[in-house]
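Asker: Can you keep this structure in mind? I'll have questions shortly.
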Amino acid sequence: MARELSLNTGRKIPQIGLGTSRIPKDILEDTVCLAIEKGYRHFDTAFAYYNEEEIGRALKRTFEDGTVTREDVFVTSKLATYYHSEDDVYPACAESLRRLQLDYVDLFLIHSPLSLKNPGYFTTKSGIETEYLERDLKTTWRAMEELVFSGKARSIGLSNFNSQQIDYICEGARIKPVINQVEVNVRFPQHQLQKFCEERGILLTAYAPMGSPGHPKLIQQNTDGKLPLLKDPAITKLAERHGKNPGQILLKSLVDRNIVVIPMSTNPERLVANLQVYDFTLSDEDFKIISGMEDGIRQFARPAREDHPDYPFRIPF
Ligand code: NAP
């Protein structure tokens with residue numbers, strides 16, 4: 001079972017969650033049930049993954065068979081980039097809840113600061129290209145706060161926001177974000193953003209903690225000809241030394257930094273292994289090796305969105 005970290009609201013979050021984007025739909029329900037059986041208590045989804053219904057079915061199954069109760073699990077979903085208008089936030093969250101068959105989500109994040117025009121309510125799949133919409137993110141945040149006041153979300157947060165955007169949201173906020181979910185791994189460790197967030201009581205959640213090897217497009221584009229992270233000799237040697245698999249080393253390096261991690265796996269052995277990172281210690285020497293792997297290359301840079309006025313990655317953090 002994963003340890004829990006404290007959010008700035010006093011609520012707890014299991015430090016290791018299951019990422020669910022790109023888990024094939026036909027195995028998702030069973031994968032989530034298996035994950036619960038094996039000790040996962042935290043699930044990360046989003047409208048944009050178009051998989052909330054399968055996750056909802058799995059949760060319902062495990063509530064009904066008594067494996068867990070609603071209070072035992074922590075579910076994160078996200079506000080899609082089309083629904084930043086203040087009038088769209090509540091219906092977007094309500095639709096996520098309907099698909100998840102839940103009364104509340106534990107955490108609702110603004111998936112990205114990049115607002116796009118609403119393509120219509122919930123009839124189409126995610127991933128549609130629509131026009132940019134310049135929108136005051138503070139207005140979106142005020143509507144997010146209402147989700148907490150109305151009990152639809154226990155906590156609210158951000159994803160893919162840079163430091164300036166975080167401070168803009170925090171200025172005058174009635175509820176502070178608890179989390180910023182961003183790309184973090186040993187090659188892109190986000191030390192500056194983490195320090196900045198820590199000073200404001202905000203935790204980081206690391207997406208792509210393994211370098212997202214299931215995303216071949218990203219790997220080919222952005223790794224500068226290097227081996228995928230899981231095959232990097234620095235990591236495989238550490239794995240051998242500790243009797244762990246490379247993925248566990250990558251997760252451990254983040255877990256030890258007080259970062260929440262949401263690795264995705266559809267493989268039962270790796271899924272279980274990814275929870276088992278509390279039974280060994282990385283030494284200062286190991287961390288020196290890991291620090292040497294930083295290359296500053298952001299895989300999820302989303303260059304196609306560079307001309308959006310709220311593109312978050314123009315500044316270093
Ligand atoms: P990831 O977790 O870094 O990588 C997942 C891949 O790693 C899968 O292909 C998996 O393959 C493999 N893997 C998992 N554990 C392993 C291990 N111990 N050893 C070897 N291989 C292992 O990348 P990700 O799925 O892109 O990111 C994780 C989650 O973050 C997503 O599922 C999603 O929930 C979230 N996310 C959020 C954003 C955002 O904008 N907020 C963006 C991207 C992702 P097998 O299935 O074969 O094990």
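Asker: Using amide H atoms built in the peptide plane, which far-off residues or other-chain residues are under 5 Å from Ala153 H to H?
Answerer: Val105, Val148
Asker: List the residues whose amide H sits under 5 Å from the amide H of Leu18, counting only those 5 or more places along or on another chain, with H placed 1.01 Å from N in the peptide plane.
Answerer: Hits under the 5 Å cutoff: His42, Phe43, Asp44.
Asker: Of Met264, Pro24, Tyr50, which is farthest towards the positive pole of the chain's charge dipole, taken about the Cα centre with +1 and -1 on the beta-carbons of Lys, Arg and Asp, Glu respectively?
Answerer: So the residue furthest toward the plus end is Met264.
Asker: With 10 angstrom as the radius, rank Lys195, Lys152 by how many other C-beta atoms surround their C-beta, starting from the fewest.
Answerer: Ordered by Cβ neighbours within 10 Å, fewest first: Lys195, Lys152.
Asker: Given Cβ point charges of +1 (Lys, Arg) and -1 (Asp, Glu) and nothing else, what value in debye, to the nearest 20, does the dipole of region 1-80 about its Cα centre take?
Answerer: The dipole of region 1-80 has a size of about 320 debye.
Asker: Let me ask you something else. If you stretched the chain out fully between Met1 and Arg174, how much longer would it get, using 0.36 nm times the residue separation minus the C-alpha to C-alpha distance?
Answerer: Working it through step by step, the gained length comes to 58.9 nm.
Asker: Can you give me the Cα centroid spacing of region 259-317 and region 139-184 in angstrom?
Answerer: After rounding, the separation between the Cα centres reads 22 Å.
Asker: So, one more: In what sequence do Ile156, Ile23 fall when counting other Cβ within 10 Å, fewest first?
Answerer: Ile23, Ile156
Asker: Output ³J(HN,Hα) for region 53-68: one whole-Hz value per residue in order, computed from phi by the Karplus curve 6.51 cos²θ - 1.76 cosθ + 1.60 with θ = phi - 60°, and x for Gly and Pro.
Answerer: Coupling constants for region 53-68: 5, 5, 5, x, 5, 5, 4, 4, 4, 6, 5, 5, 8, x, 4, 9 Hz.
Asker: Let me ask something else. Could you pull out the longest piece of the chain with no exposed loop GluC sites (Glu not before Pro) in it, calling a site exposed if DSSP puts it outside H, G, I, E, B and it has at most 12 other Cβ atoms within 10 Å?
Answerer: 172-305
Asker: Follow-up. Where does the chain land at 222 nm, in deg cm²/dmol rounded to the nearest 500, when only DSSP H runs of n ≥ 4 count, each adding -39500 (n - 2.57), divided by all residues?
Answerer: -10500 deg cm²/dmol
Asker: May I ask you to sort Ser265, Ser150 by Cβ crowding, counting other Cβ atoms within 10 Å and putting the fewest first?
Answerer: Ser150, Ser265
Asker: Still on this structure, please answer the following. 7 Å from Cα along Cα→Cβ at both Ser291 and Ser150: what's the point-to-point distance in nm?
Answerer: With each label placed 7 Å out from Cα toward Cβ, I get 4.8 nm.
Asker: Please list, ordered by chain and number, the residues whose modelled amide H lies under 5 Å from the amide H of Glu183; skip anything fewer than 5 residues away on the same chain.
Answerer: Those lying under 5 Å, H to H, from Glu183 are Tyr207.
Asker: Short version: ³J(HN,Hα) in whole Hz for each residue of region 84-98, in order, from phi by Karplus 6.51 cos²θ - 1.76 cosθ + 1.60 (θ = phi - 60°), x for Gly and Pro, what are they?
Answerer: Coupling constants for region 84-98: 7, 5, 4, 6, 8, 5, 5, x, 5, 5, 4, 5, 4, 5, 4 Hz.
Asker: In addition: Is there a pair in Lys60/Lys117; Lys231/Lys252; Lys117/Lys226; Lys12/Lys288; Lys25/Lys138 whose C-alpha atoms are over 28 Å apart, and which pairs would that be?
Answerer: Lys60/Lys117; Lys117/Lys226; Lys12/Lys288; Lys25/Lys138
Asker: For region 293-308, what does the Karplus curve 6.51 cos²θ - 1.76 cosθ + 1.60, with θ = phi - 60°, yield as ³J(HN,Hα) per residue in whole Hz, taken in order and with x for Gly and Pro?
Answerer: 8, 4, 10, x, 8, 8, 7, 9, 7, 6, x, 5, 9, 4, 8, 6
Just so you know, all these numbers are worked out from the coordinates, no wet-lab data involved. Worth saying up front: this structure is predicted, and the values here are computed from it rather than measured. All Cβ positions, glycine included, derive from the backbone under ideal geometry; neighbour counts span all protein chains shown.
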